[in-house]
Each structure stands twice: as C-alpha cells, then as structure tokens.
Amino acid sequence: MSDTTSTGPWTGRLNTLNGQPKVQVSELHKSFGDNHVLRGIDLTINEGEVVAVIGPSGSGKSTLLRCLNKLEEVTSGTVSVDGEDLTDKKVDLDRVRQRIGMVFQHFNLFPHMTVLENITLAPIQLGKLKPAEAKARAIELLERVGLAEKAEAKPASLSGGQKQRVAIARALAMDPEIMLFDEATSALDPEMVGEVLQVIRGLATSGMTMVLVTHEMGFAREVSDRVVFMADGVIVEQGAPTELFGNPTQERTRDFLSKVL
Ligand code: ADP
Ligand code: MG
C-alpha cells in the first residue's frame, strides 16, 4: 500500500507548499570511544516539515539531534543545511546555532537572570539585535508562549512548564530556521505537559521546520508529518504517522510500539 519502509531519503508525502530539502543527513556515524552509537543515518528533512523521532532509550536519538547542530562532532558522514555542510571544521558554530535552535529536556535557563534577560542574552551578545530590539522581540515571544507577565521573574519562581516555555522563547529569539526538541516534556509533571505541547503545536502550525524527539506518541501522531523510528543507531522505519503507527512494517517497530502504545 505504501512505500514507508525506507532507510534512504524520504520519498513520501511532502508537507508544505515548497517542501525543499532543508536538512540532509548522509551516512552519518558517531562513536564515543568504542561505542558506535550512530551507524549510518540517512535522513532528509524538508522545509516546513515536522519530523518526530521515536525509539527506545539509548538508540541514539539525542546524539542525532546534537549532531544536527554541532553540539557533537560527527565521526563520519555529513549534515547539510541548505546544501552547506555543517560538519566542515571551518563552519562557524555560532552561526549554526543561530540557524538551528534547540530545546532540551532540562531547560538550562540561567538562574541568576530574569526571564527577559535569558531571552535577550544571545541575540545581544551575538550582535543579532540591539538591546531595545531584543527586548521588544522577547516580549513578543513571551506573549506567544503565554508568559508576558513573567518577563521580570527569575526562573526559580516558575513552574516546570513555564520554564520550558521560556526556553522555547529563548530559542526562538535567535530566529532559527529549524527547531530541535529533545524530549521537551519528559521532565515535566503531567499537568504541565499540555501547555508545552500547545506551544510546540503552534510552532508546527506556523510552518517551522522541526525535529521532535518525543515519548509522547499521541502528540507525535497528531503534530508530525513523518515519524522516524530509530533503534540501535539506525533508522529502522519511517513514514507518515498514520502508516507508521497504524501499519508498521518492521518487527522491531511493532515490538517497540506494542510496549509504548
Ligand atoms: P537516546 O537519546 O536515544 O536515549 P542517546 O543518544 O542519548 O540515546 O545515547 C546513545 C548512546 O550514546 C548511549 O549508549 C549513550 O551512553 C551514548 N552517549 C551519548 N552521549 C554520550 C557522551 N557524551 N559520551 C559518551 N557516550 C555517550
Ligand atoms: Mg535522549
């Protein structure tokens, strides 16, 4: 019925009007010492596409995300954005991180700074915005994540869900072209998951190119254009959410889904 089983470049339905390849990962390998974690990842992410990455713990999902924005150096293979190879040693790290925002499980806000200062720090330090512009932009972003009244608060006074929404606003302050989320809701109390997913959902709807590593299968199904199932450092199977969840073709995928669904 479908061609969803593939470890090669995605050839299925395109999400957006343009759908140009935005990120191309090719033959990516990553080892930590003897631990060969990523074992040949080929993945294309189209402009405006929302890709959910699922898979067992330890399968290399976080490592893959970290290789996408140069938080890890790859062992071999390439990661290109708009055709530019980011794995090239000459590529400027600041510029890469400007283009590719990341939100982590633990929010990593600076505790001694206000919410507003957390959000304006990078754009000001990297010379992207003047202080007044950075502040105006931060307020706009806080409104977008529903936290306008928290601009002067310190992170310690916020709930987990609020902190994560600030972390998302902070990543957006750099005007990234791509957003990476690594289990952004995993550290949250259950009653706070919804408010963070709501912000991520809004971003997805706005056309942002996104890669979400998530344990929230219902959310992956609802919000993503494509689901990638990883295990043991390879992409086992990928496809549209209805197909991957409804009709997985690989035993490994079925086994995983039977445990988490
Ligand atoms: P996942 O996110 O799917 O749970 P990870 O990418 O975090 O998987 O981890 C995959 C493997 O890589 C694990 O065996 C982990 O111990 C190893 N690993 C991840 N980061 C590092 C690191 N910085 N140093 C050494 N080993 C690491
Ligand atoms: Mg992880």
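Tell me the angle of helix 190-205 to the major Cα principal axis of the chain, expressed in degrees between 0 and 90 and rounded to the nearest ten.
Value to nearest ten degrees: 80.
Protein chains only, probe 1.4 Å: how do LEU93, LEU147 rank by accessible area, largest first? Mind dumping the intermediate values first?
Values: LEU93 75, LEU147 0 Å².
Highest to lowest solvent-accessible surface, that is LEU93, LEU147.
Please report, in debye to the nearest 20, how large the charge dipole of segment 23-258 is about its Cα centre when each Lys and Arg carries +1 at its beta carbon and each Asp and Glu carries -1 there. It would help to have the intermediate numbers written out before the result.
Values: 25 positive and 34 negative charges, 125 e Å.
For this selection, approximately 600 debye.
What number results when the radius of gyration of segment 23-258, computed over Cα atoms, is divided by 2.2 N^0.38 Å?
1.01
Using 0.36 nm times the number of residues separating ILE139 and SER258, minus their current alpha carbon distance, what extension gain do you get? The partial results should precede the final answer.
Values: separation 119, 0.36 × 119 = 42.84 nm, distance 4.35 nm.
Here the segment from ILE139 to SER258 would lengthen by 38.5 nm.
At a Förster radius of 22 Å, what calculated FRET efficiency corresponds to the Cβ-Cβ distance of VAL91 and LEU121, to the nearest 0.05?
Numbers: r = 23 Å, r/R0 = 1.03.
The formula returns an efficiency of 0.45 here.
Return the distance in nm (one decimal) between the two label points of a simple spin-label model at SER159 and GLU191, each offset 7 Å from Cα along Cα→Cβ.
Using points 7 Å along Cα→Cβ, the separation is 0.6 nm.
Can you pick out the pairs among LYS130/LYS150; LYS70/LYS130; LYS61/LYS135; LYS30/LYS154; LYS61/LYS150 whose Cα atoms lie more than 30 Å from each other?
LYS61/LYS135; LYS30/LYS154; LYS61/LYS150
Where does the longest stretch of the chain lie that holds no GluC sites (Glu not before Pro) found in a DSSP loop with 13 or fewer other Cβ atoms within 10 Å? Don't skip to the answer; put the middle values down first.
On the way: sites that count: GLU73, GLU152.
My reading of the result: 153-261 is the longest stretch.
Which value in deg cm²/dmol, rounded to the nearest 500, describes the helix-derived mean residue ellipticity at 222 nm for the chain, given -39,500 (n - 2.57) per DSSP H run of n ≥ 4 and division by the residue count? Spell out each step's value before the answer.
On the way: 9 runs with 92 residues, N = 261.
Helix-only estimate at 222 nm: -10500 deg cm²/dmol.
Determine the gain in length on full extension of the stretch ASN247-HIS29; use 0.36 nm per residue of separation and subtract their C-alpha separation, reporting nm with one decimal.
Values: separation 218, 0.36 × 218 = 78.48 nm, distance 2.88 nm.
Extending this stretch completely gives an extra 75.6 nm.
Angle, helix 160-172 long axis vs. longest principal axis of the chain, Cα atoms, 0 to 90°, nearest 10?
Between the helix axis and the principal axis of the chain, the angle is about 90 degrees.
Magnitude of the Cβ-charge dipole of segment 38-149, K/R +1 and D/E -1, about the Cα centre, nearest 20 debye?
With Lys and Arg at +1 and Asp and Glu at -1, about 260 debye.
Per-residue accessible area for ILE178 at 1.4 Å probe radius, Å² rounded to 10?
Looks like 0 Å² after rounding.
Enter the angle in degrees (range 0 to 90, nearest 10) between the Cα long axis of helix 131-144 and the first principal axis of the Cα atoms of the chain, meaning the one along which they spread out most.
Rounded to the nearest ten degrees, it is 60.
The values are calculated or read from the model by the stated rules, or taken from the named source; none is laboratory data. On a predicted model such as this, the values are computed, not experimentally measured, just so you know. With ideal geometry, Cβ positions are generated from the backbone for all residues, glycine too; neighbour counts draw on all protein chains shown. All accessible areas refer to the heavy atoms of the entire protein, side chains included, with ligands and DNA or RNA removed. Shrake-Rupley method; radii C 1.70, N 1.55, O 1.52, S 1.80 Å.
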